[in-house]
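As structure tokens, the structure follows; a few thoughts come after it.
Any read-out appearing in this document is the output of simple, stated calculations on the displayed coordinates, not a laboratory observation. Computed from a predicted structure; not experimentally measured. Using ideal geometry, Cβ is built from the backbone for each residue, glycine included, and neighbour counts are taken over all protein chains shown.
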Amino acid sequence: MQDLHRKDRGPSDPLDHILSYSVSKTSLLVNREVLRADYIPGSLPHRWEHIRRLGEILSPSLLLSRPSNIFIYGKTGTGKTAVVKHVFRRFSEKAEAINANLKFVYMNCRLIGTEYRILSELCSSVNVKVPFTGLSKAEVYNRFRSALLQSPCLILACLDEIDVLVKNYGDSLIYELTRINEGSESGKLSIVGVSNDLMFKEMLDPRVLSSLSEEEIVFHPYTAIELIDILTERASLAFREGAVQQSVINLCAALAASEHGDARRALDLLRVAAEIAERNQSETVEERHVKIALGVIEQGRVYEALSTLPLHGRIVLLAVYHLVRSGVGKITSGNVYKAYKSLCLQLNVDPLTDRRVSGLLSELDMLGVISSDVVSFGRYGRTRKISLKVPMDEVKSVIEQDEILSSLLDWDIGELEVHQQ
């Protein structure tokens, strides 16, 4: 039997060397998790002002007085989630020390997915069990509200990526949660909303916006110098001594700073570069490994982002692709919407409203697939200037594998009045 197994592997098993080397080598990394985006460090360089501001707003909660609702926004990788989790952790420790009846609930709306599950999480925070499915949203909300108003505790709930929830379900749940304290002598729930979409507020009903945005904190993108500080601190924890040079860290920071100042992207570059260096059995991480990592991340990011988009998101992207391919000088949101509606007609699909398409453009911008900058024309209004940020051939290769859209890759945009005069 043993001889048969050897025979199956063949004379040169490609895994033999990998398995032997993997257990005998000295790894460049001593703590790989430190370089992952979901790792929350004890120190957050260049975000102390944001931490202080959030702490000041939440400080009444330690005396069980309801703080203002807060809306936090900024592009991906600017430290919003890390700051909220850091402040929640510190406040939770203090609340436990002084025996304050204070609870913290963190929910990522993209991961949780539905309004029902968000309400279910909130119910759990007040010790109310609800079935995984089977109840109406209104029933779950009523159970939560009833238990909340009878509970002696104050709840601070963070809805991270709140824009995803509103895009999928509208803002009715947000409105209900921000008004849940009405009729109660003492407020029991405060909301911290976090959004990657800078245009998200335009999607909200004015009544919801006024309730949610009692206080606002804006996170600006990191500069290259700030990213160097962040990466240097993480690298000191992640790598064995001498495994990565400062020039490599500087390159990762510069590449990430050129694209929205995204700390997650900088960390991913450094981590993947280290993994590539290890696979090549290199003693140190070098700049050439970073350049290879850049291509790997770009290819994987583009394919994942584009292939998992909903149908209308893919149609919007295809509209941008055709506008770029046809040589339109200045691509605006109006141009994109005209091309999008024409593509929907070709596919026999009902088009979304201009406002919904604007939200899809924001999502593509957040993913780093396009650049969408708002341009103001004073009293004539404003529009968005659109540009494609990923290579055309990568977009084309993904669409070629799309059963629905592949037939429209060679679609002629010439008949549309989208070219600048």
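Details
- With 0.36 nm allotted per residue and the present C-alpha distance subtracted, the S326-D350 stretch has 6.2 nm of extension available.
- Using the Karplus relation 6.51 cos²θ - 1.76 cosθ + 1.60 with θ = phi - 60°, the per-residue 3J(HN,Hα) values for region 399-407 come to 5, 4, 8, 8, 4, 7, 9, 4, 5 Hz, with x marking Gly and Pro.
- Cut-off 13 Å between beta-carbons: net charge of the residues surrounding A254, Lys and Arg +1, Asp and Glu -1: -2
- Restriction of the trypsin sites (Lys or Arg not before Pro) in region 171-263 to DSSP coil positions whose beta-carbon has at most 15 other beta-carbons within 10 angstrom yields R179, R240.
- Under a 5 Å amide H cut-off, with hydrogens placed 1.01 Å from N, V30 pairs with F239, R240 among residues at least 5 apart or on other chains.
- Cβ-placed point charges (K, R +1; D, E -1), dipole of region 224-305 about Cα centre in debye, nearest 20: 140
- For region 79-125 versus region 225-249, the gap between their alpha-carbon centres in whole angstrom: 31
- Rounded to the nearest 20 debye, the dipole magnitude of region 309-408 is 600 debye, with +1 charges on Lys and Arg beta carbons, -1 on Asp and Glu beta carbons, and the Cα centre as origin.
- Residue separation of I404 and R279 scaled by 0.36 nm, minus their Cα-Cα distance, works out to 41.2 nm of gained length.
- Summarising the amide proton neighbourhood of Y106: residues at separation of 5 or more, or on other chains, whose placed amide H is nearer than 5 Å comprise C158.
- Efficiency of FRET from Cβ geometry, R89 and S210, R₀ 35 Å, rounded to 0.05: 0.70
- A simple charge model with +1 on the Cβ of Lys and Arg, -1 on the Cβ of Asp and Glu and nothing else charged puts the dipole of the chain at about 780 debye relative to its Cα centre.
- Helix-derived mean residue ellipticity, 222 nm - over the chain, DSSP H n ≥ 4, -39500 (n - 2.57), to 500: -16000 deg cm²/dmol
- Here R52 and D412 are evaluated by their C-beta separation; at R0 = 35 Å the FRET efficiency comes out at 0.05.
- Annotation: aspartates and glutamates with alpha-carbon distance below 12 angstrom to K137 (same-chain offsets under eight excluded): E115, E176.
- Comparing I297, F200, I98 along the charge dipole axis of the chain, the residue lying farthest to the positive side is I98, per the Cβ-charge model.
- Just so you know, the Rg over Rh for region 224-305 is 0.95, from Cα atoms, with Rh as the Kirkwood radius.
- Summarising the strand pairing of the chain, around 30 percent of its internal DSSP beta bridges are antiparallel.
- Over all other residues within a Cβ to Cβ distance under 13 Å of L408, the charged ones net out to -2, with Lys and Arg as +1 and Asp and Glu as -1.
- Footprinting exposure proxy for D229, D393 (fewest neighbouring C-beta atoms within 10 Å first): D393, D229
- The string of couplings for region 125-137 from the Karplus curve (6.51, -1.76, 1.60, θ = phi - 60°) is 5, 10, 6, 10, 8, 10, x, 4, 8, x, 9, 6, 4 Hz, one whole number per residue in order, with x for Gly and Pro.
- Selected from N335, A319, V349, residue furthest toward positive end of dipole (region 309-408; charges at beta carbon): N335
- Charge tally for I112 (other residues, Cβ to Cβ under 13 Å; Lys, Arg +1; Asp, Glu -1): -2.
- Karplus-based coupling profile of region 175-180, in residue order and whole Hz: 4, 5, 5, 6, 9, 5, with θ = phi - 60° in 6.51 cos²θ - 1.76 cosθ + 1.60 and x standing for Gly or Pro.
- Range in the chain, longest, excluding exposed GluC sites (Glu not before Pro) [loop by DSSP; at most 12 other beta-carbon atoms within 10 Å]: 1-181
- Tensor-based shape of the chain (alpha-carbon gyration tensor, a/c under 1.5 rounded, otherwise prolate or oblate): oblate
- At full extension, N108 and E287 could sit 60.9 nm farther apart than now, given 0.36 nm per residue minus the alpha carbon distance.
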